[in-house]
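Below are the structure tokens for one structure; questions will follow.
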Amino acid sequence: MTTRKRAAKKSAAVIDPYLPEAGNFGYRVSRYELELEYKVAINRLSGSASITAATLAELKTFSLDLSAALSVTKVTVNGKRPAQFRAAAGKLHITLPDRLPAGAAMTIAIRYGGTPRPVRSQWGEVGFEELTEGALVAGQPNGASSWFPCDDHPAAKASFRVQIATESPYFALANGKLLSRRPRAGMTTWVYEQPEPTSTYLMTLQIGMYERHRMAKNGVEMFAVLPDRLRDDFDHDFGRQPQMMKLFTKLFGPYPLANGYTVVVTDDDLEIPLEAQGISIFGANHCDGSRRAERLIAHELAHQWFGNSVTVQRWRHIWLHEGFACYAEWLWSEHCGERTAQEWAQHYHHRLRHSPQDLVLADPGPRDMFDDRVYKRGALTLHTLRSHLGDTNFFALLKDWTTRYRHSSAVTDDFVGLASQYSDESLRSLWTAWLYEPEVPPLDTGS
């Protein structure tokens, strides 16, 4: 093969066809340490990233994902300046002075800064976003590069340490355990440690005029971070979260994180809530004293098991996140004596049968990966599986799934294979109909 053909083949290779520009080859990151400063009034982010990685092949050049809104001023690799570094098309390209062999350790230090903004994608803007009084990060699926250099695809998990300094009136939240909070000269520096392997898109920053409150502990520490003006409505709207946590740990297995669970409510309205590792983010519009958002509260909590701990290797398998979290909504409703999962299944099955029949659940395509049909059809698939296995085997399967792939990544075939161990009969026809055919099959649940 000629050099030109080899280069063309390499340039055509992608980690995930749904996000062909995201992710990088040649190495695997094990840890990120970020030391950042953010000035709210002028939307200015600056700081450094120290990235611990190992080469997967002999390496002379490599890249990291980084938004064009952020400029890099200095790079070192293992303490040495590279032969060259340059930023282009959302990538930081680094050329080493000497080749590194496969299995070599790399410590990459990067100084950078700029005016952060969301990354534009076909699903809208994702990543770092200014609020009226503060900022947030909504990273799914490819927004991590809007605030730090990274290997941004879901299977690339690492531990994190995040140090963020901002003006003292503001509360700054990142993932993991708060190690320290140090005020000095009008700024406060917050340090967080996220020890569990975490996908880059699940890392977040939340900065606002917030107060942090400890909620009732029910085996898992639970916190609320929100403006004081929303406290009374929060206590009503989110008041059943401890019972929700108790139910989900019973059905799905132990809560997968050591440092508890935090709900953030921003002072601004948000179109949809979103999940991060150990954190869920809601808008003020989800906290109005009506308890209308409770299904979303259940959905985001369930993602701590399905999506955050057990994460897809590629985005085509996203039903393993959203179908499971949607089904958790139905399980909570059933537990509360409201609509049963069967009643929800009948309701949404009728709706899907009268929707376009052009979506294959196991590979919906990038345009439709966040389509509501993925969520509801995924939940219907699980409900059908539950009826075939029976409750004892079905919930044993879910616990096995969350244990076996804890803080790891998986694909649809992994779940299909594991489910076969809980059934005396072949499930092939169920999977074919629900996962691989576009037409919505009859709701065969035996009731």
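Quick note: the coordinates plus some simple rules give every number you see, no bench work behind them. Please read all numbers here as calculations on a predicted model, not as lab measurements. Glycine also receives a Cβ, built like all others from the backbone with ideal geometry; neighbour counts cover every protein chain displayed.
So if we plug the beta-carbon distance of S290 and Y436 into 1/(1 + (r/R0)^6) with R0 = 51 Å, what FRET efficiency do we get, rounded to 0.05?
E(calc), rounded to 0.05, equals 0.80.
Stretched out fully, how many nm does the piece from N78 to E338 gain, at 0.36 nm a residue minus the Cα gap?
Working: separation 260, 0.36 × 260 = 93.60 nm, distance 5.83 nm.
Stretched out fully, the N78 to E338 stretch lengthens by 87.8 nm.
Which of V360, V440 comes first, and how do the rest follow, when ranked by fewest Cβ neighbours within 10 Å? Intermediate values should be presented prior to the final figure.
Details: V360 15, V440 23.
Lowest to highest Cβ neighbour count: V360, V440.
If you don't mind, another one. If you find the alpha carbon centre of segment 372-433 and of segment 261-279, how far apart are they in angstrom?
Using only Cα atoms, the two centres lie 28 Å from each other.
Write down the percent of antiparallel bridges among all DSSP beta bridges whose residues are both part of the chain, to the nearest 5.
Working: 81 of 100 bridges.
In the chain, DSSP labels about 80 percent of beta bridges as antiparallel.
For D413 and S355, FRET efficiency with R0 = 25 Å and r from the beta-carbon atoms, rounded to 0.05?
Computed FRET efficiency for S355 and D413 comes out at 0.40.
Under 5 Å between amide hydrogens, which residues at least 5 positions from N24 or on another chain qualify, with H placed 1.01 Å from N in the peptide plane?
Amide H to amide H, under 5 Å and 5 or more residues apart or across chains, N24 pairs with D152.
Which loop GluC sites (Glu not before Pro) in segment 199-289, with loop taken from DSSP, have no more than 10 other Cβ atoms within 10 angstrom of their Cβ?
Hits after loop and neighbour filter: E271.
Within a Cβ distance under 13 Å of R184, other residues only, what is the Lys/Arg minus Asp/Glu net charge?
0
Given +1 on the Cβ of Lys and Arg, -1 on the Cβ of Asp and Glu, and no further charges, what dipole in debye does the chain carry about its Cα centre, rounded to the nearest 20?
Roughly 1980 debye, rounded to the nearest 20.
Give the order of D237, D98, D228 when sorted by the count of other beta carbons within 10 angstrom, beginning with the fewest.
The fewest-first ordering by Cβ neighbours comes to D98, D228, D237.
Another question, if that's okay. Under the rule of at least 5 residues apart or a separate chain, name every residue whose amide H is placed under 5 Å from the amide H of A410.
Hits under the 5 Å cutoff: T311, V312, Q313.
Still on this structure, I have one more. Can you give me the Cα centroid spacing of segment 231-247 and segment 37-74 in angstrom?
38
Arrange K91, K217 by Cβ neighbour counts within 10 Å, fewest through most, would you?
K217, K91
In addition: Put +1 on the Cβ of every Lys and Arg and -1 on every Asp and Glu Cβ in the chain; which of I318, L427, S48 then has its Cα farthest towards the positive end of the dipole?
Of the candidates, S48 comes out farthest on the positive side.
Once the piece of chain linking H213 and R240 is laid out straight, how much longer is it, given 0.36 nm per residue of separation minus the C-alpha distance between them? Write down the numbers at each step before the final one.
Values: separation 27, 0.36 × 27 = 9.72 nm, distance 1.55 nm.
Here the answer is 8.2 nm.
Between A258 and A104, with labels modelled 7 Å along Cα→Cβ, what's the label distance in nm to one decimal, could you check?
3.2
What does the charge count near G114 come to, summing +1 for each Lys or Arg and -1 for each Asp or Glu among other residues with Cβ under 13 Å from its Cβ?
With Lys, Arg at +1 and Asp, Glu at -1, the neighbours total +3.
While we're here: Provide the net charge surrounding I297, with neighbours chosen by a C-beta distance below 12 Å and charges set as Lys +1, Arg +1, Asp -1, Glu -1.
In short, -1.
Trypsin sites (Lys or Arg not before Pro) within segment 264-347: which are DSSP loop residues with at most 12 other Cβ atoms inside 10 Å?
Numbers: sites: R291, R292, R295, R314, R316, R339; in loops: R291, R292, R314, R339.
Answer in residue order: R292.
Answer rounded, prolate or oblate for the chain, using the Cα gyration tensor with square roots of eigenvalues a ≥ b ≥ c: rounded when a/c is under 1.5, else prolate when a/b is larger than b/c, else oblate.
Values: a/c = 1.98, a/b = 1.24, b/c = 1.59.
Judged from the Cα gyration tensor, the chain comes out oblate (a/c at least 1.5, b/c at or above a/b).
On full extension of the chain, what length is gained from T403 through A54, given 0.36 nm per residue of separation minus the C-alpha to C-alpha distance?
Difference between extended and current length: 123.0 nm.
Between S180 and A89, what FRET efficiency comes out of the Förster formula 1/(1 + (r/R0)^6) with R0 = 30 Å and r the beta carbon distance, rounded to 0.05?
Here the calculated transfer efficiency is 0.20.
Once you order the gyration tensor axes a ≥ b ≥ c over the Cα atoms, which shape class does segment 1-147 get: rounded for a/c under 1.5, otherwise prolate or oblate by comparing a/b with b/c? Could the numbers behind the result be given before it?
Numbers: a/c = 2.25, a/b = 1.45, b/c = 1.55.
Oblate, since a/c reaches 1.5 and b/c is not below a/b.
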